[in-house]
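So the structure is just underneath, and the comments pick up after that.
The values are calculated or read from the model by the stated rules, or taken from the named source; none is laboratory data. Model, not experiment: these values are computed from the prediction. Every residue, glycine as well, gets a Cβ built from its backbone with ideal geometry; the counts of neighbours run over all protein chains shown.
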There are 2 protein chains.
Amino acid sequence: MIIKKDAFIHHVFFWLKDAKSKEDLIKLIDGLKKLSKVPVIKDFHIGKPAGTNRNVIDNTWSVSWLLLFENADDQQMYQADPIHLKFIEECLHLWKSVVVYDTINY
Amino acid sequence: MIIKKDAFIHHVFFWLKDAKSKEDLIKLIDGLKKLSKVPVIKDFHIGKPAGTNRNVIDNTWSVSWLLLFENADDQQMYQADPIHLKFIEECLHLWKSVVVYDTINY
């Protein structure tokens, strides 16, 4: 097992305002790399659509951001961390929409 | 790092037909536990909504299914694995919709 059973998984999908802008894409990825320095983050993964294409697959987003936290409290701390607030301030204008999935073990 | 940089991440969200049926929920979770035996799966996580509630959070689904694969080929093998085909056959009637996000490293 790589992911701990009691981990808090936070998966975010970003749709850029200008999906064709390589510059905006780089800005968002750079912003996420800075954001990855929030101390409570156990692991992160910055993703792009994998190239799969079936009717159940959503591949319309530009960037995914997967975070593993030790527990729900750490995720709360992440939300309030100054690095996170700075990321939102600097990058919010880049995306038109964002969807977040927070999951814990059944 | 827990998740390898070149991992293939497969994240599925299920909306049950009968979201209030504890029985159907257990059937789906049991099905996923059997499905986790597909040899190419590096790690899996069966999740429920974490109880967070902001406007960007989608917490309307019943079960999440996060898989880590070594690479895209392994994910292809998973799709065609007899255990996976049996899972679909046995559990397809339980959900009304499913959304899949496949992500690889930028």
For residue A:50, which of the numbered conditions (1) touching a Phe, Trp or Tyr at 6+ places or on another chain (Cβ under 7 Å); (2) away from every other protein chain (no Cβ under 11 Å) fails to hold?
(2)
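Applying the selection to the stretch B:1-19, what residues are among the β-branched types (Val, Ile, Thr) and either facing chain A (nearest Cβ under 7 Å) or over 16 Å from residue B:67 (Cα atoms) (or both)? Steps first, answer last, please.
In the first step, residues of the stretch B:1-19 are kept if they are among the β-branched types (Val, Ile, Thr); the result is B:2-3, B:9, B:12.
Of everything in the stretch B:1-19, those that are among the β-branched types (Val, Ile, Thr) and either facing chain A (nearest Cβ under 7 Å) or over 16 Å from residue B:67 (Cα atoms) (or both) turn out to be B:2, B:3, B:9.
If you scan the stretch A:87-106, which residues turn out to be in contact (Cβ under 8 Å) with a residue 40 or more places away in the chain and more than 7 Å from chain B (Cβ to nearest Cβ)? So that I can check it myself, show each step before the final result.
First pass over the stretch A:87-106, keeping only residues in contact (Cβ under 8 Å) with a residue 40 or more places away in the chain: A:87, A:90-91, A:93-105.
Those that are in contact (Cβ under 8 Å) with a residue 40 or more places away in the chain and more than 7 Å from chain B (Cβ to nearest Cβ): A:87, A:90, A:91, A:93, A:94, A:95, A:96, A:97.
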Output for Cβ contacts, cut-off 8 Å, separation at least six or different chains, first residue over 18 Å from residue A:45 (Cα atoms) in the stretch B:69-80, second part of a helix (DSSP H, G or I), reads B:78/B:84
Might you check whether a residue that is at the interface with another protein chain (Cβ under 7 Å from one of its Cβ atoms), surrounded by 15 or more Cβ atoms within 10 Å (Cβ to Cβ) and in contact with a helix residue (DSSP H, G or I) (Cβ under 7 Å, 6 or more places away or on another chain) occurs anywhere in the stretch A:33-42?
no
Filter the stretch B:62-77 for residues that are crowded, with 19+ Cβ neighbours inside 10 Å and either facing chain A (nearest Cβ under 8 Å) or polar (S, T, N, Q) (or both) and give the result.
B:62, B:63, B:64, B:66, B:68, B:75
May I ask you to verify whether residue A:86 is surrounded by fewer than 14 Cβ atoms within 10 Å (Cβ to Cβ), within 13 Å of the chain's Cα centre (by Cα) and modelled with pLDDT of 95 or more?
no
Restricting attention to the stretch A:28-51, which residues are in contact with a Ser or Thr (Cβ under 9 Å, 6 or more places away or on another chain) and in contact (Cβ under 8 Å) with a residue 40 or more places away in the chain?
A:28
